[in-house]
Amino acid sequence: MKTIQDISNFSSKEKTFVTIGTFDGVHFGHQKIIEKLVTDAKKANKKSVVLTFFPHPRMVLQKDSALELINTIEEKKTLLAKTGLDYLIIHPFSKDFSRTTALEFVRDLLVNQLNISKLIIGYDHHFGKNREGNIVQLTEYSHLYDFTVEEIPAQDIDDVSVSSTKIRRALHAGNLKTANNYLGYYFTLNGNVVNGKQLGGKIGYPTANIDVKEDYKLIPKTGVYVVKSKIDNNTVFGMMNIGNRPTVDGNYQTIEVHFFDFNQDLYTKNLTIELLYFLRGEQKFDDIDSLINQINKDEVTARDYIKNNITL
């Protein structure tokens, strides 16, 4: 898959099959559309193209929106690269771009820039200024500009019964199993390991403090999770705490990971953490000894979960 920043940097003498969307989560519903795109394009000996936008339109048009995204743009690239897609075009979304009319969108972007042969879209897709474009207009423009349009039926999308909104709600509720099932992969957090207060090491549980730099990335419910990561090509498991550390009077949120059977300096490393299982919510304990006792229990539960549910 070739990634292109800005649609103006794309040119193709070959005809293309295209789908459009923000694809936050690249979940089962998205995968169904992209799978069809890739399959149909290969059969027709055409190139498959996903046109997506960043920042997310709601981040630009609704400045007060507290929208949190399931994927960072880098995570989205990684996920889409696994689909067999030929091109991913990430077009900058701005207020100026939002004023593009439906006709301009089709004529200037799809036809003139992408050299489109077929457009595959999800049910009830809208586009262009004030979301004025719809399947009716697309069909009219397709006759005018000689391309075909295929809308994924509502029934097919409903069969999957997945939406990015449902996944966000599940993650905020600590319903990790539902979120991961909808995604078709483990939800991840990515960031550099930064200096912490070293409290974990003092109580026998040294942690790597993860700094997620993208402020739009969704951070799930506070609490303790069973996790895994790849470090120097080795898979390691552990526990992760997301929270404010109320027992030690913490006043800001941290993401701390303790890896089992692991002793290596991770400072400054970039880690991708996969969230496997939600153990419990954040608690405030009466004292440090009570906290350590609970962490010991968490470790036993976490190791049992890994042993019984994960193929090593």
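The values are calculated or read from the model by the stated rules, or taken from the named source; none is laboratory data. Computed from a predicted structure; not experimentally measured. For neighbour counting, all protein chains shown are included, and Cβ atoms are generated from backbone atoms with ideal geometry for every residue, glycine included.
Hey, Phe285 hits all of (1) modelled with pLDDT of 95 or more; (2) of a type in the set (Phe, Trp, Tyr); (3) over 30 Å from Glu74 (Cα atoms) but one; which does it fall short on? For Phe285, the exception is condition (1). Against the definition (among the small types (Gly, Ala, Ser), outside any strand (DSSP E or B) and free of Cβ contacts under 8 Å to residues at least 24 places away in the same chain), how does Ala66 come out, yes or no? Yes: the conditions hold for Ala66.
For the range 69-96, the set of residues classified as assigned to a helix (DSSP H, G or I), at pLDDT 95 or above and not acidic (Asp, Glu) consists of Ile73, Lys76, Lys77, Thr78, Leu79, Leu80, Ala81, listed by residue number. Note on the range 185-213: among residues that are assigned to a loop (DSSP other than H, G, I, E, B) and at pLDDT 95 or above, the one that is nearest to Ile70 (Cα to Cα) is Phe187. Evaluation of Pro55 against the conditions (1) surrounded by fewer than 21 Cβ atoms within 10 Å (Cβ to Cβ); (2) more than 18 Å from Val149 (Cβ to Cβ); (3) modelled with pLDDT of 95 or more shows that the sole unmet condition is (3). Scanning the range 124-143 for residues that are in a helix (DSSP H, G or I) and within 14 Å of Phe97 (Cβ to Cβ) turns up Lys129, Asn130, Arg131.
In the range 245-268, what residues are over 19 Å from Phe285 (Cα atoms), part of a loop (DSSP other than H, G, I, E, B) and under 29 Å from the mean Cα position of the chain (by Cα)? Listed by number, the residues that qualify are Phe260, Phe262, Gln264, Asp265, Leu266, Tyr267, Thr268. Out of Asn190, Asn241, Asn195, Asn181, one residue alone is polar (S, T, N, Q), surrounded by 14 or more Cβ atoms within 10 Å (Cβ to Cβ) and touching a residue at least 60 places away in the same chain (Cβ under 8 Å). It is Asn190. For Ser229, the requirement of being buried (at least 20 other Cβ atoms within 10 Å of the Cβ) and of a type in the set (S, T, N, Q) is met. Taking the listed residues Lys42, Lys47, the one that is under 21 Å from Ile116 (Cα atoms) and surrounded by 20 or more Cβ atoms within 10 Å (Cβ to Cβ) is Lys47, with no other qualifying. Residues in the range 74-125 that are farther than 24 Å from Gly25 by Cβ, of a type in the set (D, E, K, R) and either touching a residue at least 60 places away in the same chain (Cβ under 8 Å) or buried (at least 17 other Cβ atoms within 10 Å of the Cβ) (or both): Lys118 alone.
Just the residues that are among the polar types (S, T, N, Q), outside any helix (DSSP H, G or I) and farther than 16 Å from Asp86 by Cα, please, taken from the range 6-39.
Across the range 6-39, the qualifying residue is only Thr22.
Remark: pairs (first residue in the range 217-237, within 30 Å of Pro55 (Cα to Cα) and assigned by TED's automatic domain parsing to the domain that holds Val193; second residue part of a strand (DSSP E or B) and of a type in the set (Gly, Ala, Ser); Cβ separation under 6 Å; 6+ apart in sequence or on different chains) = Thr222/Gly243; Gly223/Gly281; Val227/Gly238.
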